[in-house]
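Engineer: Okay, handing you the structure first.
The values are calculated or read from the model by the stated rules, or taken from the named source; none is laboratory data. Predicted model, so just to flag it, every value in this text is computed and none were measured. Positions of Cβ are generated from backbone atoms using ideal geometry, with glycine treated the same way; all protein chains shown enter the neighbour counts.
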Amino acid sequence: MKEFKNQYKALIDESLHTVNETDLLKKCERFTEEVKRKDLLPEDIVEIHKNYVQALELDNEQITKTFNVLKEVVKGFGYNY
C-alpha cells in the first residue's frame, strides 16, 4: 500500500506543476490499472488524496488542479467496482 501511496502522491505533485496534462492523464491510467490489480478500492484512493492534499496546505486553485488526478484514477475503476 505504501508504494501506491507514494506513486499517487507523485501524481498529485506533478498535477501542481505540469503543463502537459495529456502525459499526466496517461500516467493516471497506468496507475489505475496497477491499483485495480492489487484490489485497492476507490475509497482508498480518495482517502489518500484527502490526507495528502490536507497535509500540503494548498490554496483553492491548487486543490482544484489535484482533482483532475483523483477524477481520472477513480474514473478508471468504471464498472469494475
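Engineer: Hey, does the range 59-68 have a residue that's of a type in the set (A, V, I, L, M, F, W, C) and crowded, with 17+ Cβ neighbours inside 10 Å?
Structural biologist: No - not one qualifying residue is present in the range 59-68.
Engineer: A further question on this structure: With the requirement that a residue be under 11 Å from the mean Cα position of the chain (by Cα), among the acidic types (Asp, Glu) and more than 18 Å from Lys2 (Cα to Cα), what does the range 25-81 give you?
Structural biologist: The answer is Glu29, Glu72.
Engineer: Let me ask something additional. Working only within the range 15-41, note down all residues that are under 14 Å from Leu70 (Cβ atoms), polar (S, T, N, Q) and either out of contact with any Ser or Thr (no Cβ under 8 Å at 6 or more places or on another chain) or surrounded by fewer than 17 Cβ atoms within 10 Å (Cβ to Cβ) (or both).
Structural biologist: Residue satisfying the conditions is Thr32 alone.
Engineer: Evaluate the range 26-34: report whether one residue or more is of a type in the set (A, V, I, L, M, F, W, C) and either outside any helix (DSSP H, G or I) or touching a residue at least 60 places away in the same chain (Cβ under 8 Å) (or both).
Structural biologist: No, there is no match, as no residue in the range 26-34 is of a type in the set (A, V, I, L, M, F, W, C) and either outside any helix (DSSP H, G or I) or touching a residue at least 60 places away in the same chain (Cβ under 8 Å) (or both).
Engineer: Could you check, for the range 42-56, whether at least one of its residues is assigned to a loop (DSSP other than H, G, I, E, B) and loosely packed, with under 13 Cβ neighbours inside 10 Å?
Structural biologist: no
Engineer: Moving to a separate point now. Might you check whether a residue that is of a type in the set (Val, Ile, Thr) and modelled with pLDDT under 95 occurs anywhere in the range 35-56?
Structural biologist: yes
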